[in-house]
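Student: Pasting a structure below so you can have a look.
Just so it is clear, none of the values below were taken in a lab; they were calculated from the coordinates. Computed from a predicted model, the values in this text were never measured in an experiment. When we count neighbours, we look across all protein chains shown, and the Cβ atoms used for this are built from the backbone with ideal geometry, even at glycine.
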Amino acid sequence: IWLDGEKAASIETWAKEVEHHNVDEAMLYDSGRGIILEDKTEPLYGTQYLPRKFKIGVTVPGDNSLDIYTNDIGCVVIMNDAGELEGFNVMVGGGMGRTHNKESTFARAADHMGFVPKEDIMEVLKAILAAQRDHGNRDVRANARMKYLVHTLGIEKFTKLVESYVGKEIAPW
């Protein structure tokens with residue numbers, strides 16, 4: 001990342017900051033609820049594919065410079081008064097793209113799904129991905145994005161679907 005013409009951070013900087021989190025281990029953790037597949041090459045996607053675009057945005061309260069509501073998944077960082085990470089407000093199903101003269105495609109702002117404590121965020125994100133993998137439209141490429149799945153199910157049913165993968169309820173926003 002460059003700020004005002006100076007290099008502020010690099011992949012090496014971030015690698016050092018997250019190495020103690022065991023990201024690969026967290027990614028492959030299997031709760032036994034259908035998120036992880038038996039495919040050794042790709043345990044999250046298996047033989048399925050995600051849509052051509054699968055966007056995840058992360059921001060902080062008060063800064064919407066990335067337009068958080070236009071992402072498949074949006075996460076708003078929530079800190080406590082001591083400045084420590086508590087968790088994330090998560091939204092799903094946004095996207096501004098549409099196909100000309102195809103009324104089945106449309107722009108859509110993401111819905112608020114709920115608050116996820118920091119300890120559960122990786123599992124919830126994997127569950128959202130699994131919901132798209134297992135229930136997203138694979139027949140019509142133009143309707144493969146998560147926004148159509150969330151629109152079809154509604155946010156309440158989509159949240160229940162994600163909760164079925166996670167094994168616990170997601171707190172209100």
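Student: Under the definition of Cα pairs under 8 Å and six or more residues apart, what whole-number percent is the relative contact order of region 66-110?
Tutor: Relative contact order, region 66-110: 39 percent.
Student: OK, next. Where does region 1-49 land on Rg(C-alpha)/(2.2 N^0.38 Å)?
Tutor: Its radius of gyration relative to the 2.2 N^0.38 Å reference: 1.69.
Student: Anything in the chain that counts as a DSSP H helix reaching 20 Å or more along its axis (C-alpha) with Kyte-Doolittle mean of at least -0.5? List them, would you?
Tutor: Flagged H segments are 121-135.
Student: Beyond 28 Å between alpha-carbons counts as too far, so tell me which of LYS55/LYS102; LYS53/LYS126; LYS7/LYS40; LYS40/LYS102 fall in that bin.
Tutor: With Cα atoms farther than 28 Å apart: LYS7/LYS40; LYS40/LYS102.
Student: Can you give me the three principal axis dimensions of region 1-152 from its C-alpha atoms, in Å, biggest first?
Tutor: Result, largest extent first: 47, 39, 31 Å.
Student: Also, I was wondering about something else. Suppose only helical runs count, i.e. DSSP H with n ≥ 4. What mean residue ellipticity at 222 nm does that imply for the chain under -39500 (n - 2.57) per run, divided by all residues and rounded to the nearest 500 deg cm²/dmol?
Tutor: -8500 deg cm²/dmol, from helical runs alone.
Student: How big, on average over all directions, is the shadow cast by the Cα convex hull of region 26-103, in nm²?
Tutor: So the mean shadow area of the Cα hull is 8.2 nm².
Student: I need the phi-derived Karplus couplings for region 28-34: 6.51 cos²θ - 1.76 cosθ + 1.60, θ = phi - 60°, integer Hz, Gly and Pro marked x.
Tutor: Here the 3J(HN,Hα) series is 8, 4, 10, 7, x, 10, x Hz.
Student: Can I ask one more? Rg to Rh for region 98-173: what is it, with Cα atoms only and Rh by Kirkwood?
Tutor: Reported Rg/Rh, Kirkwood definition of Rh: 1.01.
Student: A further question follows. Just to confirm a number: summing +1 for Lys and Arg and -1 for Asp and Glu over residues other than PHE106 whose beta-carbon lies under 13 angstrom from that of PHE106, what do you get?
Tutor: Taking every Cβ under 13 Å from that of PHE106, the sum is +4.
Student: Please give the length that would be gained between HIS135 and LYS7 if that part of the chain were fully extended, namely 0.36 nm times their separation in residues minus their C-alpha to C-alpha distance (nm, one decimal).
Tutor: Between HIS135 and LYS7, full extension yields 41.9 nm more.
Student: Given the options ILE36, ILE68, ILE11, which has the most mean-square fluctuation in a GNM of the chain, springs set between C-alpha atoms less than 10 angstrom apart?
Tutor: ILE11
Student: Let me ask something else. Could you give the distance between the Cα centres of region 59-81 and region 1-58, to the whole Å?
Tutor: If we compute the Cα centre of each part, the gap is 18 Å.
Student: Roughly how many nanometres apart are two label points built 7 Å out from the Cα toward the Cβ at LEU66 and ASP81?
Tutor: About 2.9 nm, to one decimal.
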